[in-house]
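Below you'll find the structure, written out as structure tokens, and then a few comments.
The values are calculated or read from the model by the stated rules, or taken from the named source; none is laboratory data. Because the structure is predicted, anything quoted here is derived from the model rather than measured. Reconstructed Cβ throughout: ideal geometry from the backbone, glycine too, with neighbour counts over all protein chains shown. Side chains are part of the model used for accessible areas, which takes the heavy atoms of the whole protein and leaves out ligands, DNA and RNA. Shrake-Rupley method; radii C 1.70, N 1.55, O 1.52, S 1.80 Å.
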Amino acid sequence: MVETLEGLYNLKRKEVELTRVRSPSGKWLELFGNPAKDGDFTIEVTFPEFTCLCPRTSQPDFATIFIKYIPDKYCVELKSLKYYLNSFRNEGHFHEEVTNLIYGDLEQVLTPKSLYVEGRFNVRGGTHPVIKVGKDW
């Protein structure tokens with residue numbers, strides 16, 4: 001008999017209430033309530049596999065997206081954030097546009113106390129664009 005790791009470690013799935021929200025760009029994110037009732041904390045997420053298309057050439061652009069925020073009432077659920085970021089894969093966006101779009105969506109959906117988004121795009125044609133939006137800690 002093959003047991004799952006959950007069974008071997010006697011882990012039980014915790015049901016968490018998530019709120020599904022459509023962002024201003026029309027993409028979906030899921031949120032959960034901030035677990036820290038007293039005091040602030042910082043959440044940092046690094047997404048090293050971001051891809052979108054160049055709107056002029058349709059060639060893929062690769063980047064690492066860094067997100068850093070201090071939540072207010074809500075935190076973004078990471079699986080939904082991954083799906084959200086992967087949804088740009090077949091869309092044409094300039095680096096500046098897509099970084100600002102991610103920032104704007106997260107700002108509107110989360111209304112965090114502080115937010116910073118950085119897109120570090122891979123070198124292409126001898127340039128290495130880094131787009132920063134929001135308060136840089």
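Annotations
- Members of segment 101-137 that are over 16 Å from D61 (Cα atoms) and of a type in the set (S, T, N, Q): Q108, T111, S114
- Complete set of residues in segment 84-131 that are within 23 Å of D40 (Cα to Cα) and among the charged types (D, E, K, R): D105, E107, K113, E118
- Annotation: Y74 fulfils all but one of (1) farther than 24 Å from E91 by Cα; (2) open to solvent by less than 50 Å² (accessible area, probe 1.4 Å); (3) modelled with pLDDT of 95 or more; the unmet one is (2).
- When segment 21-35 is limited to residues that are among the charged types (D, E, K, R) and in contact (Cβ under 8 Å) with a residue 12 or more places away in the chain, the one that is farthest from S114 (Cα to Cα) turns out to be K27.
- Criterion applied to E49, E107, E91, E97 was being closer than 22 Å to G134 by Cα and open to solvent by less than 80 Å² (accessible area, probe 1.4 Å), and the one residue passing it is E107.
- Elements of type strands (runs of 3 or more DSSP E) in segment 36-137, at least 1 residues being in contact (Cβ under 8 Å) with a residue 12 or more places away in the chain and under 11 Å from the mean Cα position of the chain (by Cα): 43-53, 60-70, 74-76, 114-121
- Qualifying residue in segment 19-34 (condition: open to solvent by less than 30 Å² (accessible area, probe 1.4 Å) and outside any loop (DSSP other than H, G, I, E, B)): yes
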